[in-house]
Amino acid sequence: MAGLTTLVVGACNTVSTDKKEEQKEAEFVDQFELNEATITILQQKMQNKEYTSRAITELYLKRIDAIDKAGPKLNAVIQVNPDALNMADAMDRERKNGKVRGLLHGIPVLIKDNIDTGDNMMTTAGALALSGNFAKQDAFIVHKLRQAGAVLLGKTNLSEWANFRSTHSTSAWSSRGGQTKCPYILDRNPSGSSAGSGSAASANLCAIAIGTETDGSIVSPSSVNGLVGIKPTVGLWSRSGIIPISKTQDTAGPMARTVKDAAILLGVLAEADTQDLYTLTSKGKIQADYTRFLDANGLKGKRIGVEKDGLKVNTGMDKLFQDALAVLKSKGATIVEIELYKEIKQAGRDEFTVLLYEFKDGVN
């Protein structure tokens with residue numbers, strides 16, 4: 001899919017009054033050499049000795065310095081891992097000695113700052129109240145990442161407390177991390193609460209990212225930032241070591257630039273965890289490799305419901321929506337317009353009451 005090749009940095013400073021500077025910016029072409037690089041491509045380059053994991057990690061770190069901390073200042077990364085290069089070096093040594101752990105071996109990953117890492121990075125959910133909180137051990141999914149050979153590149157900013165801070169909170173803002181920007185439209189937020197993961201993966205600050213979702217916090221920033229986001233069925237990925245909102249609805253999930261990359265990450269981190277009883281219901285149902293289900297003809301005969309409230313709201317968005325529906329139809333899907341939203345408004349209000357109780361209990 002298309003990524004940030006000509007737009008992001010070129011559009012970042014359009015307030016300049018210098019005509020020559022504006023022309024220079026308008027003509028800018030993003031030449032980052034890992035633009036849109038997938039897991040498969042990066043593995044091939046490491047196998048062919050074109051790159052090492054250290055070289056790839058260094059390129060992403062330089063990218064973060066160039067457009068996240070400077071230039072357009074996306075502000076997607078709340079903290080870079082001081083041990084990232086050491087992790088990359090270790091994976092390079094293993095590869096040199098003939099050991100490759102799997103598809104994530106040496107691949108840099110950014111994770112949301114409500115997921116514990118038992119290392120030199122804080123886990124704060126973006127809240128100054130938790131500044132200085134260093135987890136004693138990894139979250140289960142972080143432990144799985146390390147086992148798989150992934151390089152923990154750093155942590156991403158988020159809507160503070162995963163957007164359960166206030167009824168008037170702003171997506172992508174936290175008291176610790178400030179405001180994250182949408183890389184496509186810099187004066188807009190990238191949607192929450194996994195906003196930093198969405199902005200970072202879209203802007204090629206990492207190969208893949210991890211977000212968390214209660215209601216839409218993976219799929220919404222994925223949609224806004226042109227990514228593939230999956231909210232796994234609750235219990236497929238462990239939630240132990242993740243700052244919670246709701247024990248009945250929360251889960252972490254993959255955010256990537258391609259369906260295949262999202263499917264790869266989904267399978268690698270899926271495993272039952274005795275510290276999360278919900279995962280025990282997934283025993284015997286977990287697949288080690290979800291890429292085998294990727295089928296170009298998979299939409300044939302499928303019926304897809306489309307909420308009518310999402311139609312004819314904004315002319316530009318409606319055209320994109322209709323174009324997408326046309327693609328689904330061309331692939332064999334049947335589109336069924338439905339009016340579900342008005343039927344579930346009361347359920348949404350009731351859900352909020354449940355979340356208030358679960359959040360207080362979970363955080364305590």
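Tabulated results
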| quantity | calculated |
| --- | --- |
| Any hit, region 169-185, residues being part of a helix (DSSP H, G or I), farther than 29 Å from THR52 by Cβ and either aromatic (Phe, Trp, Tyr) or touching a His at 6+ places or on another chain (Cβ under 9 Å) (or both) | no |
| Candidate set from region 196-216 (those that are assigned to a loop (DSSP other than H, G, I, E, B) and open to solvent by 10 Å² or more (accessible area, probe 1.4 Å)); member that is nearest to VAL234 (Cα to Cα) | THR214 |
| Residue among PHE32, PHE28 that alone is surrounded by 13 or more Cβ atoms within 10 Å (Cβ to Cβ), within 20 Å of LEU205 (Cα to Cα) and modelled with pLDDT of 95 or more | PHE32 |
| Residue in region 1-10 that is modelled with pLDDT under 95, surrounded by fewer than 16 Cβ atoms within 10 Å (Cβ to Cβ), among the polar types (S, T, N, Q) and part of a loop (DSSP other than H, G, I, E, B) present | yes |
| Qualifying residue in region 115-125 (condition: of a type outside the set (Lys, Arg), part of a helix (DSSP H, G or I) and buried (at least 19 other Cβ atoms within 10 Å of the Cβ)) | no |
| Odd one out for GLY118 among (1) farther than 16 Å from ALA148 by Cα; (2) in contact with an Asp or Glu (Cβ under 9 Å, 6 or more places away or on another chain); (3) in contact (Cβ under 8 Å) with a residue 40 or more places away in the chain | (3) |
| Qualifying positions in region 329-364 - more than 29 Å from ASP250 (Cβ to Cβ) and open to solvent by less than 70 Å² (accessible area, probe 1.4 Å) | GLY332, ALA333, THR334, ILE335, VAL336 |
| Cβ pairs under 6 Å, 6+ apart, first in region 210-228 and closer than 9 Å to GLY198 by Cα, second surrounded by fewer than 24 Cβ atoms within 10 Å (Cβ to Cβ) | ILE218/LYS231 |
| Hits in region 248-289 (condition: within 16 Å of ALA37 (Cα to Cα) and in a helix (DSSP H, G or I)) | VAL259, LYS260, ASP261, ALA262, ALA263, ILE264, LEU265 |
| Residue in region 190-206 that is under 18 Å from ASP83 (Cβ atoms) and modelled with pLDDT of 95 or more present | yes |
| Of all residues making up region 159-182, the number that are touching a strand residue (DSSP E or B) at 6+ places or on another chain (Cβ under 8 Å), without any contact (Cβ under 8 Å) to a residue 60 or more places away in the chain and open to solvent by less than 10 Å² (accessible area, probe 1.4 Å) | 2 |
| Some residue of region 130-148 being hydrophobic (A, V, I, L, M, F, W, C) and at positive phi | no |
| Given (1) over 30 Å from ALA272 (Cα atoms); (2) modelled with pLDDT of 90 or more; (3) assigned to a helix (DSSP H, G or I), index of the condition GLY305 fails | (3) |
| Positions within region 311-323 being within 19 Å of LEU340 (Cα to Cα) and either surrounded by 13 or more Cβ atoms within 10 Å (Cβ to Cβ) or among the hydrophobic types (A, V, I, L, M, F, W, C) (or both), in sequence order | LEU311, VAL313, ASP318, PHE321 |
| Residues that are hydrophobic (A, V, I, L, M, F, W, C), outside any loop (DSSP other than H, G, I, E, B) and within 11 Å of the chain's Cα centre (by Cα), drawn from region 217-239 | VAL219, VAL228 |
| Count of residues meeting criterion [open to solvent by less than 10 Å² (accessible area, probe 1.4 Å), touching a strand residue (DSSP E or B) at 6+ places or on another chain (Cβ under 9 Å) and over 18 Å from PRO183 (Cβ atoms)] in region 63-114 | 10 |
| Matching residues, region 247-302, being more than 21 Å from the chain's Cα centre (by Cα), open to solvent by 90 Å² or more (accessible area, probe 1.4 Å) and closer than 25 Å to TRP161 by Cβ | GLN275, LEU277 |
| In region 36-51, the residues that are of a type in the set (D, E, K, R), surrounded by 13 or more Cβ atoms within 10 Å (Cβ to Cβ) and without any contact (Cβ under 8 Å) to a residue 60 or more places away in the chain | LYS45 |
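The values are calculated or read from the model by the stated rules, or taken from the named source; none is laboratory data. Please read these numbers as outputs of a predicted model, since none were measured by experiment. Neighbour counts run over all protein chains shown; Cβ positions are idealised from the backbone, glycine included. Accessible surface is based on the protein model in full, side chains and every heavy atom, while ligands, DNA and RNA are left aside. Shrake-Rupley method; radii C 1.70, N 1.55, O 1.52, S 1.80 Å.
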